Amino acid sequence: KPRVLSGMQPSADSLHLGNYLGALVNYVKLQDEYDAFYFIPDLHSITSPDGATNLAERTRTTVAQYIAGGVDVERSTLFVQSHVPEHAELSWVLQTITGFGEASRMTQFKDKSVRYGQDSTNVGLFTYPVLMAADILLYQADGVPVGDDQKQHVELTRTLGARFNHRFGETFKIPEPMIPAEGARIYDLQDPTSKMSKSSASPNGRINVLDEPKVIAKRIKSAVTDDGNVVAFDREAKPGVSNLLSILSVVTETPVATLVEQYEGKMYGHLKVDTAEAVVATLEPIRARTLELLDDPAELDRLLAVGAAKAREVASETLGKVYDAVGFLRPQ
Ligand code: TYM
């Protein structure tokens with residue numbers, strides 16, 4: 001089977017709807033046809049100013065959301081990045097073949113460093129995409145299911161993998177980004193020209209997987225829509241309505257074009273009510289199951305130990321090849 005690998009950072013309270021629709025939905029779909037590796041990039045988290053706050057608890061909560069969302073630990077390998085030391089080790093090697101200018105061009109670094117300010121921008125934030133390349137290349141992944149905002153990082157991964165192969169001999173598989181046709185970029189409900197993110201200006205712009213149904217419904221019903229009253233998909237002229245259509249399209253597995261036909265002659269209010277209902281119906285069972293799973297943290301930890309052991313088998317083999325290729329004197 002071809003292999004996929006992906007991960008979502010353990011955010012403070014919950015994954016948000018963008019993470020769910022842009023990434024998690026696809027993790028679940030891919031696990032039959034692919035040998036799937038899904039992980040929690042906790043090493044990445046500590047590059048943000050509050051990244052170490054309640055990290056262990058956040059990591060478990062995120063793991064529970066993966067499972068509640070449909071990641072099946074029988075079919076997929078689920079693990080925590082810091083449990084597999086090879087990620088940090090390979091990252092170091094890759095840093096030495098990454099250009100300073102190349103890393104400086106990463107748009108997420110540029111955005112985040114402006115947002116964090118000079119005092120909170122650390123060197124780890126700068127090398128973050130190289131750690132991500134290590135995550136992917138270690139597992140010889142064929143595909144990387146991500147939302148649109150991670151595309152540039154996957155491109156860097158391809159560049160670094162190819163450069164290493166060229167310089168030291170064929171070692172890594174070069175992965176493809178797998179970006180869904182619908183849901184790859186979910187926008188903020190209050191500011192539908194910016195993507196939904198954990199750092200949105202207003203919490204009303206974001207829906208968290210673990211939000212109460214009432215809160216979800218309210219936020220969708222008070223989403224910013226656009227002038228006019230025709231439900232149509234037009235990112236430029238109708239970003240708010242288009243965002244609701246994308247959300248409804250993914251949660252109901254209905255093409256946007258079909259939805260647009262269904263809403264012909266109907267008001268924005270109908271679209272909001274239906275979207276709210278569909279999102280609540282999707283997220284409510286995930287929320288309930290997450291809370292249930294969190295009642296037994298020892299069981300989650302046990303599953304993660306199994307996952308880490310499986311992940312390490314693959315990761316250590318690749319790292320061994322890398323060290324040999326570079327030409328380190330290996331311990332005997
Ligand atoms: P992170 O934690 O920011 O996001 C996790 C996943 O959610 C997607 N996503 C979105 N999709 C649609 N609309 C949105 N508004 C939205 N916001 C986020 C992201 O594209 C991502 O797929 N660097 C990564 C984590 C990572 C990783 C990796 C991913 C580390 N190593 C290796 C893949 C492979 C990140 O911070 O994603």
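Kindly write out, for segment 208-221 in residue order, the coupling ³J(HN,Hα) from the Karplus curve 6.51 cos²θ - 1.76 cosθ + 1.60 (θ = phi - 60°), rounded to whole Hz, with x marking Gly and Pro.
Once θ is set to phi - 60°, the couplings for segment 208-221 become 9, 4, 9, 5, 5, x, 4, 5, 4, 4, 5, 5, 6, 5 Hz.
Express the relative contact order of segment 51-209 as a whole percentage, based on alpha carbon pairs under 8 Å and six or more residues apart in sequence.
Contact order relative to length: 17 percent.
Positive end of the charge dipole of the chain (Lys, Arg +1 and Asp, Glu -1 on Cβ, about the Cα centre): tell me which of Thr59, Gln140, His270 has its Cα farthest that way.
Projecting each Cα onto the dipole axis, the largest value belongs to Gln140.
Once the principal axes of the Cα atoms of the chain are found, what is the range along each, listed largest first in whole angstroms?
Largest first, the chain extends 73, 45, 42 Å along its Cα principal axes.
Rank by packing, highest mean first: peptides 221-234, 29-42, with packing defined as the count of other Cβ atoms within 10 Å averaged across residues.
29-42, 221-234
Where in segment 212-281 are there GluC sites (Glu not before Pro) that are in a DSSP coil and have at most 14 other Cβ atoms within 10 angstrom of their Cβ?
Glu236, Glu253, Glu264
What ranking, highest mean first, results for peptides 90-103, 145-158 when packing means the other Cβ atoms within 10 Å averaged over each residue?
Going from most to least packed, we get 145-158, 90-103.
Near Val80, within a Cβ-to-Cβ distance under 10 Å, what is the net charge of the other residues, with Lys and Arg +1 and Asp and Glu -1?
-1
Taking the convex hull of the Cα atoms, report for segment 100-241 its projected area averaged over all directions, in nm².
Convex hull of Cα atoms, orientation-averaged projection: 11.3 nm².
Would you grab the residues whose amide H sits under 5 Å from the one on Ile186? Only those 5+ places off in sequence or on another chain, please, with H modelled 1.01 Å from N.
Met196
Beyond 23 Å between alpha-carbons counts as too far, so tell me which of Lys218/Lys266; Lys112/Lys198; Lys173/Lys321; Lys110/Lys195; Lys29/Lys272 fall in that bin.
Checking Cα-Cα distances, Lys29/Lys272 exceed 23 Å.
Using mean Cβ contacts within 10 Å as the protection proxy, how do 104-116, 208-220, 185-197 order, highest first?
The peptides rank, most packed first, as 185-197, 208-220, 104-116.
Using θ = phi - 60° and the Karplus curve 6.51 cos²θ - 1.76 cosθ + 1.60, what whole-Hz ³J(HN,Hα) does each residue of segment 23-31 get, with Gly and Pro shown as x?
10, 4, 4, 6, 3, 5, 5, 7, 5
Relative contact order for the chain using alpha-carbon pairs under 8 Å, separation at least 6, rounded to a whole percent?
Computed over the chain, the figure is 22 percent.
What's the magnitude of the charge dipole for segment 271-332 around its Cα centre, counting Lys and Arg as +1 and Asp and Glu as -1 at the beta-carbon? Answer in Debye, nearest 20.
I would put it at about 380 debye.
Let me have the 222 nm mean residue ellipticity of the chain computed from DSSP H runs of 4+ only, each contributing -39500 (n - 2.57), with the sum over all residues rounded to the nearest 500.
-16500 deg cm²/dmol
With +1 on the Cβ of every Lys and Arg and -1 on the Cβ of every Asp and Glu, and nothing else charged, how large is the dipole of the chain about its Cα centre, in debye rounded to the nearest 20?
Dipole size: approximately 580 debye.
A short reminder: the numbers here are calculations on the coordinates, not readings from a lab. None of the values given here were measured: they were computed from a predicted structure. Positions of Cβ are backbone-derived with ideal geometry, glycine not excepted, and every protein chain shown enters the neighbour counts.
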